[in-house]
Amino acid sequence: MLKNKKTAIVYDKWLSTLGGGEVVACTIAKILKDSGYDVTFISGKPVSFKKIKNALGIDLSGIKFKQVWNDELELKKFVKGKDLFINCSFMDYSYGYAKKNIYYTLFPTESYLNLKGMIFNNFILPLASKLIKPIEFVSEPPSLISINNQLAYSLDGPVKIAFSFLNPKKIYLLKFSLFLENFYFSLLKNLNYKVINSKIVEKQIKIDHSHNLIHFYLKIKPKTTTIYLEITPPKIKKTHLLNKDRFYLLYPKIIDLKIPEFIYKLLYEKINTRLRAGIFINILNRLKSYQLILADSEFTKKWIKNYWKREAKVLYPPVDFLFEKYDLSKMKKENWICNVGRFFTLGHGKKQEVLVEAFKKLYYQGYKNWQLHLIGGVGNESGTLEFIKYLKKQAKGYPIYFHFNVPRKKVEEILLKSKVYWHATGFGEKKPIKMEHFGIAPIEAISAGCIPVLYNGGGLTEIIEKLNLNPDIHLFSGKSELIENTKKIIKENIKIKEEIFIKLTNLFNKDKFNKNLIKLLNEKI
């Protein structure tokens with residue numbers, strides 16, 4: 001019987017972000033498993049079953065997990081010959097090598113048919129990838145701090161880092177440094193590190209006693225396009241451990257030996273974040289390997305047609321309705337405004353800074369008994385940490401509360417207690433890719449009885465239209481409009497009507513998502 005079991009690969013490179021797209025990918029994986037498929041989930045970084053369940057409320061036990069980071073040849077080994085491949089990775093256009101290939105599109109990127117786009121995608125990015133080798137923590141990123149004005153990671157346990165876009169025919173210099181507040185040679189002796197998928201041609205270790213730094217210089221010859229550096233700090237007995245007896249890793253890097261280091265430093269910060277998504281020349285040709293393109297909204301479908309000249313089918317993401325899990329009549333609402341969204345500065349940022357500024361103005365307009373609660377995951381990128389620092393500074397002295405990386409239960413608790421939900425993704429942006437492409441969080445908030453005030457753009461507008469809510473109240477284009485609409489909701493004590501819950505069920509129900517997905521899989525493509 002096992003021999004006849006269909007095989008499926010679900011691919012979401014960004015699983016570790018545990019955002020809305022990851023809800024879709026994980027739900028698809030679970031549906032396929034429950035339908036009898038032998039499912040393998042491929043992500044860029046490892047994420048535990050427990051963490052997925054705590055953050056998203058989805059149980060993926062029984063599903064195999066593999067990790068591939070920016071290595072299309074490695075991905076091909078897993079996908080080729082499988083019955084089904086579903087790519088849910090945003091901005092990842094790896095070829096589909098299964099018998100049936102489906103691309104679930106969170107939002108399309110341009111196919112670069114114009115001259116400017118072709119130069120950027122076909123020449124500038126590939127050239128940049130030769131100069132800059134982006135790094136990515138594929139293990140759980142350690143905490144990031146500043147030591148002597150340099151970014152450093154606290155090594156409380158083993159760490160694994162990926163370096164991508166390497167040429168197996170070339171030799172590179174891999175550099176990293178370790179800092180120890182109190183230097184002991186015995187600790188250095190017990191430090192373990194290795195480079196995976198690469199041969200170390202030459203190594204040199206320099207010790208800077210005056211600054212307690214250990215510098216590692218490794219000349220390496222890659223065996224594939226992506227290699228990994230693993231560092232395991234020595235185990236220190238608690239009886240000998242002082243408060244500052246810890247290893248810290250200074251930001252590692254790989255340098256092409258032919259590139260002067262000052263040029264490397266100049267380009268790195270500008271190019272690194274863009275290269276993380278990968279380089280995919282000739283997107284339209286790659287998309288031909290997918291028999292079916294799915295879109296997460298009508299907004300996304302429109303831009304797929306515009307950019308890719310392909311017809312897509314809309315499959316709205318599954319939403320966890322809180323009115324189905326809780327008796328809302330028994331929930332006490334507080335004078336709270338809330339927002340759910342990752343804290344980051346790349347891509348379509350969630351614009352928490354706009355919400356903080358608007359709330360401060362609302363506060364001084366006679367609403368000092370209200371609170372703003374901002375919920376979301378926080379990555380370990382330096383830009384994100386600076387953004388958090390800025391938000392906290394702006395919020396100081398006001399009833400503004402941050403809930404970073406909290407469990408799913410806590411998110412639900414805040415939504416159930418909040419009266420109003422704000423969402424500003426896309427505010428001040430012109431490019432459609434920086435808008436909210438759908439908006440799972442706003443729908444979850446509505447299902448908890450929160451009154452939405454959403455930015456008038458992207459998939460957020462679509463939500464208000466589909467639910468037949470008044471756009472003059474529930475959409476805003478400027479900060480003053482956000483404040484005035486919120487004041488009107490408070491003064492008129494506007495509530496979510498029962499008919500809205502019925503519409504939510506008809507549009508975004510999990511069972512409907514399941515049935516529609518299975519139906520699409522059974523269709524001849």
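The C-beta contact set for the stretch 439-467 (first residue in the same structural domain as residue 429 (by TED's automatic domain parsing), second residue outside any loop (DSSP other than H, G, I, E, B) and among the small types (Gly, Ala, Ser), distance under 6 angstrom, 6+ apart or interchain) comprises 439/459; 440/20. Tell me whether the stretch 455-468 contains one or more residues that are under 25 Å from the mean Cα position of the chain (by Cα), crowded, with 16+ Cβ neighbours inside 10 Å and closer than 22 Å to residue 335 by Cα. Scanning the stretch 455-468 turns up at least one residue that is under 25 Å from the mean Cα position of the chain (by Cα), crowded, with 16+ Cβ neighbours inside 10 Å and closer than 22 Å to residue 335 by Cα.
Identify the residue in the stretch 373-410 that is among the hydroxyl-bearing types (Ser, Thr, Tyr) and surrounded by fewer than 18 Cβ atoms within 10 Å (Cβ to Cβ) and, among all such residues, is nearest to the chain's Cα centre (by Cα).
Of the residues in the stretch 373-410, the ones among the hydroxyl-bearing types (Ser, Thr, Tyr) are 382, 384, 390, 398, 401.
Subsequent filtering for residues that are surrounded by fewer than 18 Cβ atoms within 10 Å (Cβ to Cβ) retains 382, 390, 398, 401.
Numbers: 382: 15, 390: 21, 398: 29, 401: 22 Å.
For the stretch 373-410, the residue satisfying everything is 382.
Entry remark, the stretch 301-345: residues being part of a strand (DSSP E or B) and either in contact with a Ser or Thr (Cβ under 7 Å, 6 or more places away or on another chain) or over 18 Å from residue 463 (Cβ atoms) (or both) number 6 in total.
Can you tell me which residue among 516, 485, 506 is in contact with a Phe, Trp or Tyr (Cβ under 6 Å, 6 or more places away or on another chain), assigned to a helix (DSSP H, G or I) and not acidic (Asp, Glu)? Can you show your working first?
On the way: 516 fails: in contact with a Phe, Trp or Tyr (Cβ under 6 Å, 6 or more places away or on another chain); 506 fails: in contact with a Phe, Trp or Tyr (Cβ under 6 Å, 6 or more places away or on another chain).
Step by step, each of 516, 485, 506 is checked, and only 485 is in contact with a Phe, Trp or Tyr (Cβ under 6 Å, 6 or more places away or on another chain), assigned to a helix (DSSP H, G or I) and not acidic (Asp, Glu).
Look through 428, 449 and report the one residue that is farther than 15 Å from residue 300 by Cβ, at pLDDT 95 or above, part of a loop (DSSP other than H, G, I, E, B) and of a type outside the set (A, V, I, L, M, F, W, C). Outline the logic, then answer.
Details: 428 fails: at pLDDT 95 or above.
Testing whether each residue is farther than 15 Å from residue 300 by Cβ, at pLDDT 95 or above, part of a loop (DSSP other than H, G, I, E, B) and of a type outside the set (A, V, I, L, M, F, W, C) leaves just 449.
In a residue-by-residue description of the stretch 137-146, the property of being modelled with pLDDT of 90 or more and assigned to a strand (DSSP E or B) applies to no position.
Checking each residue of the stretch 24-34 against the condition of being within 21 Å of residue 137 (Cα to Cα), not assigned by TED's automatic domain parsing to the domain that holds residue 344 and not small (Gly, Ala, Ser) gives no match.
Can you name the residue in the stretch 147-162 that is part of a strand (DSSP E or B) and either not aliphatic (A, V, I, L, M) or not assigned by TED's automatic domain parsing to the domain that holds residue 225 (or both) and, of all such residues, is modelled with the lowest pLDDT? If you could, list the steps in order and put the result at the bottom.
In the first step, residues of the stretch 147-162 are kept if they are part of a strand (DSSP E or B); the result is 147, 150-154, 159-162.
Those still in the list that are either not aliphatic (A, V, I, L, M) or not assigned by TED's automatic domain parsing to the domain that holds residue 225 (or both) too: 150, 153-154, 160.
Working: 150: 69, 153: 81, 154: 81, 160: 91.
Checking each candidate, the answer is 150.
The values are calculated or read from the model by the stated rules, or taken from the named source; none is laboratory data. Here the structure is a predicted model, which means the values were calculated and not measured. Virtual Cβ from ideal backbone geometry, glycine too; neighbours counted across all protein chains shown.
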